[in-house]
1. Which value in nm describes the separation of the simple spin-label points at GLU254 and HIS40, placed 7 Å from the Cα toward the beta carbon?
2. Which of the GluC sites (Glu not before Pro) found in the range 207-242 are in a DSSP loop and have at most 15 neighbouring Cβ atoms, other than their own, within 10 Å?
3. If you plug each phi of the range 265-276 into the Karplus form 6.51 cos²θ - 1.76 cosθ + 1.60 with θ = phi - 60°, what whole-Hz ³J(HN,Hα) values come out, in order, with x for Gly and Pro?
4. At 0.36 nm per residue, and after removing the present C-alpha to C-alpha distance, how many nm does the segment from ARG119 to ARG245 gain when stretched out fully?
5. Report the label-to-label distance for LEU208 and ALA12 in nanometres (one decimal), using points 7 Å from each Cα along the Cα→Cβ vector.
6. Would you calculate, for the chain, the mean residue ellipticity at 222 nm contributed by helices, counting each DSSP H stretch of 4 or more residues as -39,500 (n - 2.57) and dividing by all residues, to the nearest 500?
7. Calculate, for GLU201 and PHE261, the FRET efficiency according to 1/(1 + (r/R0)^6) with r their C-beta to C-beta distance and R0 22 Å; round to the nearest 0.05.
8. Multiply the residue separation of SER174 and VAL156 by 0.36 nm, subtract the distance between their alpha-carbon atoms, and state the gained length in nm to one decimal.
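The values are calculated or read from the model by the stated rules, or taken from the named source; none is laboratory data. All figures in this text were calculated on a predicted structure; none of them were measured in a lab. With ideal geometry, Cβ positions are generated from the backbone for all residues, glycine too; neighbour counts draw on all protein chains shown. Note: accessible area is taken over every heavy atom of the protein model, side chains too, but ligands, DNA and RNA are not part of it. Shrake-Rupley method; radii C 1.70, N 1.55, O 1.52, S 1.80 Å.
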Amino acid sequence: MRATELDYDLPAELVAQRPVEPRDAARMLVYDRATHGVRHRTVRELPAELDGHLVVVNDTRVVPARLPLRRGTGGEVELLLLERREDGVWEALARPSHGERLAPADTAAEGGSVELVERLGEGRWLVRPEGEPHGEVPLPPYIHESLDDPERYQTVYADVAGSAAAPTAGLHFSRGLLDRLDHVAVTLHVGLDTFRPLTSETLEEHALHGERYRVAPEAWAPIEAAERVLAVGTTTTRVLETVARGAPLEGRSELFVTPGFTFRRVDALLTNFHLPRTTLLALVMAFAGVEETRGLYALAVEERYRFYSFGDAMLVL
């Protein structure tokens with residue numbers, strides 16, 4: 001599949017800059033794969049759309065991973081911490097990606113020093129922050145407004161720190177909505193693979209680095225036994241489909257879900273509207289159908305749905 005097949009036109013004003021309040025007031029485009037029916041609802045109405053589904057969420061928590069670096073030459077580089085390694089070392093991405101130009105002297109950052117340990121290429125480094133990360137909330141670059149409350153970029157059930165970005169489908173859940181649903185949590189720490197655009201001309205040429213996940217045995221037992229499972233977000237989907245294929249309950253997922261994929265444990269998907277040319281959009285196309293997804297995105301634009309991290313939701317049944 002060519003990367004150009006993951007393109008679509010989106011008016012700039014439909015890129016959501018702020019989340020809606022309350023969380024579950026976001027709009028929800030519902031698509032029924034069996035009937036090809038489409039409904040326009042709100043996330044608050046999600047329970048009425050489900051039929052005995054077990055809802056599975058990703059309880060990862062975003063770390064304050066955005067570190068502005070003051071270079072010895074006077075230039076500015078931003079480090080985005082991607083994944084904690086051993087001994088306080090993190091994998092980080094230099095943005096803008098002029099990582100090759102960084103030097104060991106470029107170690108000062110707001111909130112403490114940062115040691116550059118090893119260059120990995122493609123703008124990635126191993127770095128050692130001083131103590132725990134004390135940077136800024138790593139909002140995506142297409143969001144140009146700051147948040148009054150950084151917790152608004154966390155899900156209400158965020159628990160296990162380790163992500164460089166939020167599992168955004170979960171941002172729509174209020175505690176009240178969650179209490180109305182039969183649900184369990186798994187963990188996948190969102191890293192480079194989730195938000196990195198395609199760097200090749202085809203999906204098949206795109207390389208994944210993998211992301212850490214964990215599923216507690218007491219969570220997997222009801223997931224495995226459930227008649228129907230709703231995955232909240234693409235990250236949750238990757239965890240469930242990784243373990244459903246015989247992987248251990250803890251490890252790294254390098255599962256690349258593209259059109260033609262056979263889903264073994266996910267029966268319904270709640271997701272946001274994703275950027276073009278991303279693996280996230282490819283996953284949605286794999287679940288809903290390629291042409292069906294294109295039609296749904298065109299309808300969402302026509303109906304003025306809000307797109308991306310702070311945007312509205314789509315439920316595929």
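1. So the two model labels end up 4.5 nm from each other.
2. On the way: sites: GLU211, GLU218, GLU224, GLU227, GLU241; in loops: GLU227.
Passing sites in the range 207-242 are GLU227.
3. Values, residue by residue: 10, 8, 9, 8, 9, 9, 8, 8, 8, 9, 5, x Hz.
4. On the way: separation 126, 0.36 × 126 = 45.36 nm, distance 3.41 nm.
That works out to 42.0 nm of additional length.
5. Reported label-point gap for LEU208 and ALA12 is 3.4 nm.
6. Details: 7 runs with 56 residues, N = 317.
Computed ellipticity for the chain at 222 nm equals -4500 deg cm²/dmol.
7. Working: r = 20 Å, r/R0 = 0.93.
Taking R0 as 22 Å, the efficiency between GLU201 and PHE261 is 0.60.
8. Numbers: separation 18, 0.36 × 18 = 6.48 nm, distance 0.65 nm.
Extending this stretch completely gives an extra 5.8 nm.
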